[in-house]
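Visitor: First the structure, then my questions, so here it is.
The values are calculated or read from the model by the stated rules, or taken from the named source; none is laboratory data. All values reported here derive from a predicted model rather than from experimental measurement. When we count neighbours, we look across all protein chains shown, and the Cβ atoms used for this are built from the backbone with ideal geometry, even at glycine. Please note that ligands, DNA and RNA were not included when accessible areas were found on the heavy atoms of the full protein model with its side chains. Shrake-Rupley method; radii C 1.70, N 1.55, O 1.52, S 1.80 Å.
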Amino acid sequence: MCSAAHAWVGLGRIVYACSSAQLVGWLAGWGAPPSPVSALPIAVVAPGVQTLGPVPEFEAPMRALHARRFGTAAAPE
């Protein structure tokens with residue numbers, strides 16, 4: 001949704017910390033329910049937009065934030 005809006009208004013490059021594929025994997029690993037919406041890659045939603053990500057140094061902090069949100073004691077890998 002955000003990448004579609006980003007593409008519509010022509011904001012340019014999208015830089016992201018973690019991917020929807022990473023999040024889907026984390027949630028599945030924690031036994032959390034799946035998202036009610038499809039996790040589509042930016043390149044599918046907004047194929048003309050240049051992207052940079054996921055950013056490796058943000059993976060552990062992002063995983064920890066999501067782990068807290070979904071009630072798991074899972075530590076960042």
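Visitor: Suppose we keep only residues that are open to solvent by 50 Å² or more (accessible area, probe 1.4 Å) and among the aliphatic types (A, V, I, L, M) within the stretch 1-22. Which one would you say is farthest from residue 67 (Cα to Cα)? Talk me through it step by step, then tell me what you get.
Guide: So in the stretch 1-22, the residues open to solvent by 50 Å² or more (accessible area, probe 1.4 Å) come out as 1-2, 5, 8-11, 13, 15-16, 21.
Add one more test, that the residue is among the aliphatic types (A, V, I, L, M), and what stays is 1, 5, 9, 11, 15, 21.
Numbers: 1: 23, 5: 27, 9: 33, 11: 31, 15: 22, 21: 15 Å.
Only one residue tops the list, namely 9.
Visitor: Quick check, is residue 25 assigned to a loop (DSSP other than H, G, I, E, B), modelled with pLDDT of 90 or more and either open to solvent by 30 Å² or more (accessible area, probe 1.4 Å) or of a type in the set (A, V, I, L, M, F, W, C) (or both)? It would help to see each step written out before you state the result.
Guide: Working: assigned to a loop (DSSP other than H, G, I, E, B): no; modelled with pLDDT of 90 or more: yes; either open to solvent by 30 Å² or more (accessible area, probe 1.4 Å) or of a type in the set (A, V, I, L, M, F, W, C) (or both): yes.
No; evaluated as a whole, the condition is false for this residue.
Visitor: Return the residues of the stretch 28-45 that are over 13 Å from the mean Cα position of the chain (by Cα), more than 22 Å from residue 11 (Cβ to Cβ) and either hydrophobic (A, V, I, L, M, F, W, C) or not in a helix (DSSP H, G or I) (or both); say none if nothing qualifies.
Guide: 28, 30, 31, 32, 33, 34, 36
Visitor: Here is a further query. Taking residue 77 as meeting all but one of (1) at pLDDT 90 or above; (2) out of contact with any His (no Cβ under 8 Å at 6 or more places or on another chain), write down the number of the exception.
Guide: (1)
Visitor: Among the residues of the stretch 46-61, are any open to solvent by less than 50 Å² (accessible area, probe 1.4 Å), assigned to a helix (DSSP H, G or I), at pLDDT 90 or above and in contact with a helix residue (DSSP H, G or I) (Cβ under 9 Å, 6 or more places away or on another chain)? Write out each step before concluding.
Guide: Initially, the stretch 46-61 is screened for residues open to solvent by less than 50 Å² (accessible area, probe 1.4 Å), giving 46, 49, 53, 55, 60.
Retained after the next criterion (residues that are assigned to a helix (DSSP H, G or I)): 60.
Pick out the ones that are also at pLDDT 90 or above and you get 60.
With the extra rule that they be in contact with a helix residue (DSSP H, G or I) (Cβ under 9 Å, 6 or more places away or on another chain), the set shrinks to none.
Taking every residue of the stretch 46-61 in turn, none turns out to be open to solvent by less than 50 Å² (accessible area, probe 1.4 Å), assigned to a helix (DSSP H, G or I), at pLDDT 90 or above and in contact with a helix residue (DSSP H, G or I) (Cβ under 9 Å, 6 or more places away or on another chain).
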